[in-house]
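Reading through the C-alpha cells given below for one structure.
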Amino acid sequence: MSPKIMIVDDAMFMRNKIKKILLASGYEDIIERSNGREAVESYKEHHPDLVTMDIIMPDMDGIAALAQIIAFDPEAKVIMITAMGQQRMVVDAIKGGAMDFITKPFQEEKVKETIRQLLLIEPGVMEEEDMTVEDR
C-alpha cells in the first residue's frame, strides 16, 4: 500500500511539480491543499504518512499549521518547503517539529531522497539531536 502524502502549497504549479515527482516515484495516495488551515483540517481527517508544507501561504502560514499538526500528532512527519533567504523561518520550523526542509528551487532527486528517508523512519525514533539545519 502506497504511503499517504499531503502536499500543501498555495501555488498550484508547485503542488503539481511535487505531485509529478511523487507519482514518478510510485507514490499514488496524494492529497493536495492550498493553505495551512486546509492542511490542519485534512491532516486530522486523513492522517497522512508525510506532509510537504510551504512556509509562506495565505490564510494560515506553514509555521502555524505545523504547530497545530504537531500538537495534534507529535509523530507527524513534515517537510518544510522554503524559498532561499528564509533561514530564520526554517530554524523556527525545525524547532517546531518539522523533520526536514527543502529549498526552492529544488532538484527532483533531493525531493525523492528526502521523502524516501523520512518514510523509512519509525515513529518516535528520531531524536532532536539527530536533526540538522543546513543549507540544501
*Structure-derived semi-axes √(5λ) of the Cα gyration tensor in Å: which label, when the choices are (i) 20, 19, 14; (ii) 18, 17, 17; (iii) 28, 14, 13*: (ii)
_Amide H contacts of residue 32 (H built 1.01 Å from N, under 5 Å, at least 5 apart or other chain)_ = 7
*Under a cut-off of 20 Å between alpha-carbon atoms, report the lysines in cross-link reach of residue 44, not counting same-chain residues fewer than 8 places apart.*
4, 77
*Amide H to amide H under 5 Å from residue 101: which residues, 5+ apart in sequence or cross-chain, H placed 1.01 Å off N in plane?*
80
_Per DSSP helix of 4 or more residues, -39500 (n - 2.57); summed, then divided by the residues of the chain. What does that give at 222 nm, rounded to the nearest 500?_
-13000 deg cm²/dmol
*Which ³J(HN,Hα) values, rounded to whole Hz and listed in residue order, are derived for the stretch 18-32 from phi using the Karplus coefficients 6.51, -1.76 and 1.60 in 6.51 cos²θ - 1.76 cosθ + 1.60 with θ = phi - 60°, glycine and proline given as x?*
5, 4, 4, 4, 5, 4, 5, 8, x, 7, 10, 8, 10, 10, 10
*asked:* With +1 assigned to the C-beta of every Lys and Arg and -1 to the C-beta of every Asp and Glu, and no other charges, what is the dipole magnitude of the chain about the Cα centre in debye, to the nearest 20?
replied: 460
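No lab work stands behind these numbers, since they all come straight from the coordinates. Here the structure is a predicted model, which is why all the values come from computation and not from measurement. Reconstructed Cβ throughout: ideal geometry from the backbone, glycine too, with neighbour counts over all protein chains shown.
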